[in-house]
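The values are calculated or read from the model by the stated rules, or taken from the named source; none is laboratory data. Small disclaimer: the values here were computed from a predicted structure and weren't measured. Every residue, glycine as well, gets a Cβ built from its backbone with ideal geometry; the counts of neighbours run over all protein chains shown. The accessibility values were calculated without ligands, DNA or RNA, using every heavy atom of the protein model including side chains. Shrake-Rupley method; radii C 1.70, N 1.55, O 1.52, S 1.80 Å.
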Amino acid sequence: MSDTVESASDSLPRHIAVVMDGNGRWANKRHLPRAAGHKAGVNATRTIVENAAKSKIQALTIFAFSSENWNRPESEVTALMTLFISTITAEVKKLDKKNVRVKFIGERERFSDKLQASINESELLTDKNTGMQLNIAANYGGRWDVVNACKSLISAVQENKITINDVDEKLLNSFISLSDLPEPDLFIRTGGEQRISNFLIWQLSYSELYFVDTLWPDFSTADFDNAISWYASRQRRFGKTGQQIKEEQVS
Ligand code: FPP
């Protein structure tokens, strides 16, 4: 079976976005340092990436580090940075063999030179891959994304490439992260909290939101399958009525 993404059906999400929450609580329950929870979280991340790629999901976007996570204790931030470098180094060749294309979104300039180098190398190595696109949101915030897009839009106006009258949702969207992909059909958040936490605030406008109590390190293939089955049972209306959607399905 080829690793390229070509056979998505309507009941399968094309793009899944995930907030991997609960690593700290998973560690606390075991009287381990929070960093041990993040390390265990990497195993769950590997499992979901493999499952998504096997299921022919076109894109998977995971929230690895938010713009606000810098406010955590310094020791936890340092442990996360070290984990990111070791994980990218250890995993990227395997991802490349699976034809996965790796992309990072967020303000990478704030990371150490070493981390920025591994980010850039992983993108370069996998750039030509035609399978699933794995987007890793790192030092990312949804509001930052919108502000960044507005800045690019204003520059384009100042450089006379566009006029104010050209500005509409489609044009603003073209400056937002991941605009080359379908918007996330399914958003998954583990760890029991029911919020978006400044993740892809623009891109999630019409996503189906799935919240589950499982802590991220415990998120298994069965949990992933449950989320996919739940998604298949949703009727997506995009502002239309249920009757209209049914009529479109029979015609
Ligand atoms: C949130 O749980 C999790 C994070 C802030 C880090 C997630 C990172 C990984 C799973 C590593 C993935 C690695 C790569 C390179 C993609 P939390 O700490 O907020 O948990 P809590 O709510 O229980 O405290």
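For Val49, the test of being more than 29 Å from Lys97 (Cβ to Cβ), more than 8 Å from the ligand (Cβ to nearest atom) and not in a strand (DSSP E or B) is failed.
Among the numbered conditions (1) in contact with an Asp or Glu (Cβ under 8 Å, 6 or more places away or on another chain); (2) farther than 24 Å from Lys54 by Cβ; (3) open to solvent by 20 Å² or more (accessible area, probe 1.4 Å), the only one that Val212 does not meet is (2). Right, Met20: aliphatic (A, V, I, L, M), within 11 Å of the ligand (Cβ to nearest atom) and either within 17 Å of the chain's Cα centre (by Cα) or crowded, with 22+ Cβ neighbours inside 10 Å (or both) or not? Yes, satisfied. Checked across the stretch 140-156, the condition of being hydrophobic (A, V, I, L, M, F, W, C) and over 30 Å from Asp166 (Cα atoms) holds for no residue. When Ser118, Ser86 are checked against the criterion of being near the ligand (Cβ under 10 Å from one of its atoms), part of a helix (DSSP H, G or I), open to solvent by 20 Å² or more (accessible area, probe 1.4 Å) and of a type outside the set (Phe, Trp, Tyr), Ser86 stands alone in meeting it. Selection of the stretch 156-202 for residues being in contact with a helix residue (DSSP H, G or I) (Cβ under 9 Å, 6 or more places away or on another chain), among the aromatic types (Phe, Trp, Tyr) and within 16 Å of the ligand (Cβ to nearest atom) yields only Phe199.
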